[in-house]
Amino acid sequence: KTLGLIFDLDGVIVDTAKFHFLAWKKAAEEVGFELTEELNEKLKGVSRVDSLNKILEWAGATVSQEKFDEMAANKNADYLTYVDKMTADDILPGVESFIREAKAKGYPIALGSASKNAPRILKHVGIFDLFDTIADGNSVTKAKPDPEVFQVAAKALNVPYAQCVVFEDSEAGVEAANNTNMLSIGLGSKDVLIEADHVFGSFTEITLEFIETQATT
Ligand code: B16
Ligand code: MG
């Protein structure tokens, strides 16, 4: 039976969280708030609009819709200056070879990310062509932990939800996968990703054989 493999982007394929952090930190300064790395953790996997709403809430600030849109646009422009400097060296260890091996075995591959910049990032690091479909912030209306983004990916791959495997670094993403009966593989800390079916520190520790056994039993 076939398996659909769905990969999150930030934290799974590349570490763009550090660039989001720098850009949000600058945006937060505009409303007199200092964004810490600890608070930045809460922005992982969260959409651009929801991230700005959280920051304004932490800052105790209210802004007009016009200012809100301007802040979000400036943050994104700032973020893209970092993205545009990315190269193949920014791909996280082990993930590209894992995808290539899975592709060689005929498994369909999808991206399932909250980012609206996903195609641009994948093209920058040179692996856009490895994906059969891209489900991202432009394809959905509901954010993780709603499973919409993974369901859109599975439908495009034409694989039943129960035969899909999701690779995620965020709690919301793991929850989203679990909410639609997909196998959830966490990338990160076992203490944080407690809901994941399995957790690994990095892709260098994951074998395709292990995923095949877990997904078919
Ligand atoms: P953009 P993922 C998420 O990516 C990031 O983790 C999150 O910090 C970011 O706000 C979100 O994408 C939206 O990104 O501003 O580029 O549309 O982990 O879902 O791949
Ligand atoms: Mg992520």
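Under 8 Å for C-alpha pairs, at least 6 residues apart: give me the relative contact order for the chain, rounded to a whole percent. Computed value for the chain: 25 percent relative contact order.
Divide by every residue of the chain the summed helix terms, -39500 (n - 2.57) for each DSSP H run of at least 4, and state the resulting mean residue ellipticity at 222 nm, rounded to the nearest 500 deg cm²/dmol. Mind dumping the intermediate values first?
Numbers: 9 runs with 94 residues, N = 217.
Calculated at 222 nm, the ellipticity per residue is -13000 deg cm²/dmol.
Think of each Lys and Arg Cβ as +1 and each Asp and Glu Cβ as -1; about the Cα centre, that makes the dipole of the stretch 168-217 roughly 60 debye. Once the dipole of the chain is set up with Lys and Arg at +1 and Asp and Glu at -1 on Cβ about the Cα centre, which of Ala104, Ile6, Leu122 lies farthest towards its positive end? The residue sitting farthest along the positive end of the dipole is Ala104. Taking Cα atoms only, the orientation of helix 65-83 departs from the longest principal axis of the chain by about 50 degrees. In summary, the lysines within cross-link reach of Lys85, defined as a Cα separation below 29 angstrom excluding same-chain residues under 8 places away, comprise Lys18, Lys25, Lys26, Lys42, Lys44, Lys54, Lys67, Lys75, Lys103, Lys116, Lys123, Lys144.
Placing +1 on each Lys and Arg Cβ and -1 on each Asp and Glu Cβ, with no other charges, gives the stretch 66-217 a dipole about its Cα centre of roughly 380 debye. Out of all DSSP beta bridges with both ends in the chain, state the antiparallel percent to the nearest 5. Just about 5 percent of them are antiparallel. Give the residue from Ala172, Ala88, Ala135 lying farthest towards the positive end of the charge dipole for the chain; charges sit on Cβ (+1 for Lys and Arg, -1 for Asp and Glu) and the dipole is referred to the Cα centre. Projecting each Cα onto the dipole axis, the largest value belongs to Ala135.
Here, each number is a calculation from the coordinates, and none is a lab measurement. It should be emphasised that the depicted structure is a prediction, and the values quoted were computed from it without experimental measurement. For neighbour counting, all protein chains shown are included, and Cβ atoms are generated from backbone atoms with ideal geometry for every residue, glycine included.
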